[in-house]
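None of the figures in this text is laboratory data; all of them are computed from the coordinates on show. This structure is a prediction, so every number in the text was calculated from the model and none was measured. Here the Cβ is made from the backbone with ideal geometry for all residues, glycine too, and neighbour counts use every protein chain on show.
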Amino acid sequence: MRFYPHWAQGERDGFRVWGWSDRSVDHARQVAMQRAANAVAEYNAPYDENRTERWDYYPIDRPLREAVIDSWQDASTGQVVGAISRNHYGSLVLNSSRVMFVDIDPPAPKKPKKAGGFLSRLFGGGPPEPAQDAGNMTGGNSGSTSEGADDPRLDGLRSAAVNAGLQVRVYRTPAGYRGLVMNRTFDPRHDTAHAVMNASGADKLYVSLCHSQDCFRARLTAKPWRIGLTRPPRSFPFANELAEARFEAWLSEYEPAASAYAACAYLDTFGPLDAAPDPEADRVMRTHDALACGDGMPLA
């Protein structure tokens, strides 16, 4: 995952950009100056109708400017495999380098393409035999909230879970659904991960973001505008102490307000219920559910 402790700004010909580094602020400033020079060159280059714009809701060509609130490491390698960060509009986000979240937030309900074929060949599986008990594949009433489980937007995720033999916890979010794969891990930059997410009907920008940031992500706390608050006046990295103080004042209002809302609610489990959970996925799930879910709380 791409999180950097050192940030600095650089400016050239009216273009002011951020640079990052895991070494020092000085190195971050060098990166910023080079990026500013690149921005000037790109602006002055002849128009190319095939060039794609890159100023999206989230950047997909550079690391996110997010403060890391907490992180944990793989016991055997010492590498960071999980982190909680705060995004640019103030919400907490769970990041995992190997445990897959699938964000399903399409603009309008529509029946996705069947996920058989390629996924079946990829994972050596296939659709369940007709004689199988469907309750063993969908989760039945195992503590789930049945409302919404038959939404056509979930057909792709359900089919992907069955064809790839994946146990997927499904959550309702304010705008759609979220899946959490429990019985295996993935490399977010590998074609296999892309195939599963695309077959599940995942948001295209989310798939690109996972690849760019080298991690899977899930929002844990409410979006401020959904709970009657504005976005923070400043966000990480802070240009000075005054900017940080203004953010802290905003945060003192946001945190108690957000505590009355949940980011998602558990809905159902797709795929084989008897599959043993991956230990890392189990840890991520417990962290996620403790911070993102709330019994009876409104979603925001």
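Computed from label points 7 Å out along Cα-Cβ, the spacing between residue 175 and residue 249 is 3.0 nm. The relative contact order of the stretch 201-285 comes to 28 percent, based on Cα pairs under 8 Å that sit 6 or more residues apart. About the centre of its Cα atoms, the stretch 215-285 shows a dipole size close to 440 debye [charges on the beta carbon of Lys, Arg (+1) and Asp, Glu (-1) only; nearest 20 debye].
Rounded if a/c is under 1.5, else prolate if a/b beats b/c, else oblate: with a ≥ b ≥ c from the C-alpha gyration tensor eigenvalues square-rooted, which is the stretch 193-264? Taking the square roots of the gyration eigenvalues as a ≥ b ≥ c, the stretch 193-264 is oblate. The length gained by stretching the chain between residue 62 and residue 189 to full extension, at 0.36 nm per residue less their Cα-Cα distance, is 44.2 nm.
Note on residue 274/residue 27: beta-carbon distance plugged into 1/(1 + (r/R0)^6) with R0 of 30 Å gives a FRET efficiency of 0.05.
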